1. Test G176 against the stated conditions and say whether it is in contact with a Lys or Arg (Cβ under 8 Å, 6 or more places away or on another chain) and not hydrophobic (A, V, I, L, M, F, W, C).
2. I'd like the full set of residues that are touching a strand residue (DSSP E or B) at 6+ places or on another chain (Cβ under 7 Å) and surrounded by fewer than 16 Cβ atoms within 10 Å (Cβ to Cβ), limited to segment 115-124.
3. For Y170, which of the numbered conditions (1) open to solvent by 30 Å² or more (accessible area, probe 1.4 Å); (2) within 18 Å of the chain's Cα centre (by Cα) fails to hold?
4. For segment 40-77, what are the residues that are surrounded by fewer than 18 Cβ atoms within 10 Å (Cβ to Cβ) and in contact with a Lys or Arg (Cβ under 6 Å, 6 or more places away or on another chain)?
5. Which members of segment 116-129 meet the condition of being farther than 26 Å from N50 by Cβ and assigned to a strand (DSSP E or B)?
6. Looking at E92, E111, E138 in this structure, which one is touching a residue at least 40 places away in the same chain (Cβ under 8 Å), more than 21 Å from I47 (Cα to Cα) and over 14 Å from the mean Cα position of the chain (by Cα)?
7. Does segment 92-109 contain any residue that is in contact with a Lys or Arg (Cβ under 8 Å, 6 or more places away or on another chain), at pLDDT below 95, of a type in the set (A, V, I, L, M, F, W, C) and open to solvent by 10 Å² or more (accessible area, probe 1.4 Å)?
Amino acid sequence: MKKSTIEEIKERFDNDVERFSNLETGQVATIDATISLELITEASKRIVPNAKNVLDVGCGAGNYTLMMLSKVPNLNCTLVDLSLPMLDRAFERVSAVTNGKVEIKQGDIREVVLEDESFDIILAGAVLHHLRDDNDWETAFTKLFKLLKPGGCLMISDLITQDTELLNEYTWQRYGEYLEGIGGAEYRQKVLDYIEKEDSPRSMNYQLDLMKKVGFSKVEILHKNMCFGAFGGIK
């Protein structure tokens, strides 16, 4: 199947701002979304307790930054997303709860111009699965590593696969059953169809190995449930 283009992904999110402004509705198909959000933000706080600058990659309507601000107040926040309507909503919501500077940048994280070694914390929630081939993945992780200050952390919550095909089939079967339990067979097929068209997830092992390759000194697994995980690394 031909995968969605960046423009097609942007258009889908342009038209879904209201749903993604609420973690419960925006992430209903994501197993343990609230747990993973809590874990990656709390881990970030503990790794960089005196953080000043956070970058939210694929920020959507700002849920991850808002949770981060509940733990480390008044951060300077840089919000990056393909969708301008999402960025506008995120800017409105985040600006209301921080005295720090809030900046929005529309575009692909691989292309957006940002200063190297300028962020204490980078959050990437449900976004990296849109990357495609190995070069895309390495380019993105290299860029994120360069943007971090020494001692800073990249924390990821995302859709993942398994390296062993038999186990990958099993976890996705279980995920299908989970989706059917939420919304029936039609909902299950709808979600799996757009994942097939739009997403190219990689395993947690793949991403942790890549993080080590680009220079992260430590990598950590925080949570995993079937085809979703929360994990990260420290520069």
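1. The answer is yes for G176.
2. Matches in segment 115-124: E117 only.
3. (2)
4. Step one: of segment 40-77, the residues surrounded by fewer than 18 Cβ atoms within 10 Å (Cβ to Cβ) are 42, 45-46, 49-50, 52, 70-71, 73-74.
Within segment 40-77, K45, K71 qualify.
5. none
6. E138
7. yes
Yes or no, residue by residue, for (1) under 19 Å from I121 (Cα atoms); (2) hydroxyl-bearing (S, T, Y); (3) modelled with pLDDT under 95; (4) assigned to a helix (DSSP H, G or I):
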| position | (1), (2), (3), (4) |
| --- | --- |
| W137 | no, no, no, yes |
| G151 | yes, no, no, no |
| I156 | yes, no, no, no |
| D163 | no, no, no, no |
| T171 | no, yes, no, yes |
| Y187 | no, yes, yes, yes |
| L192 | no, no, yes, yes |
| K213 | no, no, no, yes |
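The values are calculated or read from the model by the stated rules, or taken from the named source; none is laboratory data. Model, not experiment: these values are computed from the prediction. So basically every Cβ, Gly included, is an ideal-geometry build from the backbone, and we count neighbours across all protein chains shown. Just the protein is used for accessible areas: all its heavy atoms, side chains included, with ligands, DNA and RNA removed. Shrake-Rupley method; radii C 1.70, N 1.55, O 1.52, S 1.80 Å.
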